[in-house]
1. State which residue is modelled with the highest pLDDT when the search covers only segment 24-39 and only residues that are touching a strand residue (DSSP E or B) at 6+ places or on another chain (Cβ under 9 Å) and part of a loop (DSSP other than H, G, I, E, B).
2. Can you name every residue in segment 13-50 that is in contact with a Lys or Arg (Cβ under 8 Å, 6 or more places away or on another chain) and under 15 Å from LEU79 (Cα atoms)?
3. Looking at segment 49-71, which of the residues that are assigned to a helix (DSSP H, G or I) and free of Cβ contacts under 8 Å to residues at least 24 places away in the same chain is surrounded by the most Cβ atoms within 10 Å (Cβ to Cβ)?
Amino acid sequence: MSDQVLLVLPDGTLVGVWDDEIPWHEIGHITAVPRLSSVEFDHDRQQWVARDLRTGREIAAGPSRSDVLRAEAAYYNTLLEAGHIPLDLEKRHDP
């Protein structure tokens with residue numbers, strides 16, 4: 001598991017990258033948002049590639065899907081650590 005960054009917003013909302021190691025259900029009500037990126041196998045490059053869905057920017061690439069997923073989580077945790085929330089919280093899905 002990489003270092004996790006959790007932001008607490010003024011309204012009490014907790015924002016973080018999903019990780020099964022975090023006891024989210026113990027913290028409170030979960031409002032999951034759609035994935036911020038896609039992780040697909042690139043047949044031409046013969047490696048897994050993670051791309052930010054909003055920008056199309058390549059976040060990580062490599063032969064190991066699990067390594068690419070770790071790099072993807074680290075990328076979004078770095079954004080959160082800098083105080084940047086890479087999504088519009090007004091568009092979150094809350095049943």
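The values are calculated or read from the model by the stated rules, or taken from the named source; none is laboratory data. Quick caveat: nothing in here was measured; it's all calculated off a predicted structure. Heads up, the Cβs are rebuilt from the backbone with ideal geometry, glycines too, and the neighbour counts pull from every protein chain shown.
1. The qualifying residue modelled with the highest pLDDT is LEU36.
2. Of everything in segment 13-50, those that are in contact with a Lys or Arg (Cβ under 8 Å, 6 or more places away or on another chain) and under 15 Å from LEU79 (Cα atoms) turn out to be LEU36, SER37.
3. Among those residues, the one meeting the criterion is ALA71.
Listed here are the residues, each with its yes/no results for (1) touching a residue at least 24 places away in the same chain (Cβ under 8 Å); (2) surrounded by 11 or more Cβ atoms within 10 Å (Cβ to Cβ); (3) on the phi > 0 side of the Ramachandran plot.
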residue: GLY12; (1), (2), (3): no, no, yes
residue: PRO23; (1), (2), (3): no, no, no
residue: GLU26; (1), (2), (3): no, no, no
residue: ARG35; (1), (2), (3): no, no, no
residue: SER38; (1), (2), (3): no, yes, no
residue: GLN47; (1), (2), (3): no, yes, no
residue: GLU81; (1), (2), (3): yes, yes, no
